[in-house]
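Only one structure is covered here, and it is reproduced in the block below.
The values are calculated or read from the model by the stated rules, or taken from the named source; none is laboratory data. Just so it is clear, the model here is predicted, and its values are computed rather than measured. A quick note on method: Cβ atoms are made from the backbone with ideal geometry, for glycine too, and the neighbour counts reach across all protein chains shown. The accessibility values were calculated without ligands, DNA or RNA, using every heavy atom of the protein model including side chains. Shrake-Rupley method; radii C 1.70, N 1.55, O 1.52, S 1.80 Å.
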Amino acid sequence: MPVESGSSAAARQAKQKRKSHSLSIRRTNSTEHERAVLQRDMLEGQDSKLPLSLRSNLLDLFSQIEREFENLYIENLELRREIETLNDRLAAEGQSFEGADLAKGALKTKASHSTSQLSQKLKTTYKASTSKIVSSFKATTSRAVCQLVREYVGHRDGIWDLSVTRTQPVVLGTASADHSAMLWSIEAGKCLLKYLGHQGSVNSIKFHPTEQMALTASGDQTAHIWRYMVQLPTPQPVVDISTPCEDDVDFSDKDEADGELEGPNDCPSIRVATTTLRSHQGVVIAADWLVGGKQAVTASWDRAANLYDVETSELVHSLTGHDQELTHCCTHPTQRLVVTSSRDTTFRLWDFRDPSIHSVNVFQGHTDTVTSAVFTVGDNVVSGSDDRTVKVWDLKNMRSPIATIRTDSAVNRISVSVNQKIIALPHDNRQVRLFDMSGVRLARLPRSNRQGHRRMVCCSAWCEDNNTCNLFTCGFDRQAIGWNINIPALLQEK
């Protein structure tokens, strides 16, 4: 009779141990029978390349897992018995739950009710503890300094940008994704002229400082300069629909502008540009006139800004350096300075004051796309970003901002009033807020069921020389709005 070798005996003992282990698994959890058999077959397979010692360690680990599972199972049974005992005791006191089967969610209704009560209590406590803080914010805001005066409706798509002429007659210009730009009578709210020369979305509009010329930038990779002549109609009486600045009534999500809007059919149009500025390889997102109006700068998604001679339409300088698409460009009102903003979280200051030296400074003050950066009349730059902050910088020392405004929504194309230096912030969440240069909040423009923007607000523009409307905003609800901001009262309430 052959004698069994030591290795064969060890293998036989390991096999018996594995069989007893698999029986234990089937005893504690019969639903895992097939899985346990599969594991055993894998471990006992003739083609297994695992060493015997490693396979034994695996079996030991499985045994430990099984013991832990048995302990948890026993604890679960004990907890169920305690719950049943507690339920019997409550039933004797007349406070029993409806049913005692935990697996069927016996306690779910009661627990949900208790959780709801606790949640309501926490909300009440939170509101009570923060009411004084909220009241302090509202106390700094005037109740009757902002009112909606006029709505300018006629575009068939969202309005990206707007601007007010610097010469007489004073009109409002809007640039829309419907491939058109329109000139409006501020007082009458009527379209005076429509420009249809672009083949793509019109992303920006700026007026010449001294002549009746407009500069528009488009998704068709060009910027156009075109002349206009308009005649203002007889102004209509203004309807007073003023509401407090802190109008907390939320606007319904119903978009009254979703239907097809019929544009002004009697509005004359221009289809040919006086000058076309070409050289970009991507969407031209913004454009502006340099001081004096003899040169213009454009910003594009091709990561470059270009400086052109207006008379010859020739490219003078290509301003490169941004790592991602540009979002905006702005020129200083009195000096040969240009600031460009980009999706690379930076904005750059380009200095053309010295014809022989064209310096550039890079500023990294934001953590997300810089949507716009604009100059003030003084020595400040104000930048807004998708990181929900607006920062005020001193041109003489731009290592760190002198003020930071934190908001609850991304900020789009901002504007700063010339005289009082009030910053108007258009937001993605349909709000428009006013701040001073030190970062103190002054007001929030009314937005309710009757008035205000119904979609993202894209741009704001001040026009302090107009007695009727001194602030304009536009958005993706296809309309521009003219506001009357009582600035003296606003600052008095500060």
What distance in nm separates the simple spin-label points at Asp157 and Leu196, each placed 7 Å from Cα in the Cβ direction?
1.5 nm
Express the accessible area of region 447-494 per residue in Å², computed with a 1.4 Å probe while the remaining protein chains stay in the model.
36 Å²
What is the distance in Å between the Cα centroid of region 406-474 and that of region 275-321?
28 Å
Sequence-separation-based contact order of region 139-202, relative, with Cα cut under 8 Å and 6+ spacing, percent:
26 percent
Full extension between Glu68 and Gln420 adds, at 0.36 nm per residue less the Cα distance, a length in nm of 119.5 nm
Under 5 Å from the placed amide H of His328, counting only residues 5+ away or on other chains, we find Ser341
Say each of Ser53 and Thr367 gets a label point 7 Å from the Cα, pointing the same way as Cα to Cβ; how far apart are those two points in nm?
5.2 nm
To the nearest 0.05, what FRET efficiency results for Val377 and Arg441 with a Förster distance of 25 Å applied to their C-beta separation?
0.70
Quick check for you: with a 1.4 Å probe and neighbouring chains kept, what is the accessible area per residue of region 147-209, in Å²?
27 Å²
What is the local net charge at Thr331, summed over the other residues whose Cβ is closer than 11 Å to its Cβ (Lys, Arg +1; Asp, Glu -1)?
+1
Full-extension gain in nm, Asn76 to Arg399, via 0.36 nm per residue minus C-alpha separation:
110.0 nm
Virtual spin-label span in nm between Glu84 and Ala489, 7 Å along Cα→Cβ
7.4 nm
In Å², rounded to a whole number, the accessible area per residue of region 364-435 with probe 1.4 Å is 38 Å²
What ³J(HN,Hα) values, in whole Hz, does the Karplus curve 6.51 cos²θ - 1.76 cosθ + 1.60 give for region 68-77 when θ = phi - 60°, with x put for Gly and Pro?
4, 5, 5, 4, 4, 5, 5, 4, 5, 5
Karplus-derived HN-Hα couplings along region 202-212 (A = 6.51, B = -1.76, C = 1.60, θ = phi - 60°), whole Hz, x at Gly and Pro:
8, 9, 7, 9, 9, 9, 5, x, 10, 10, 7
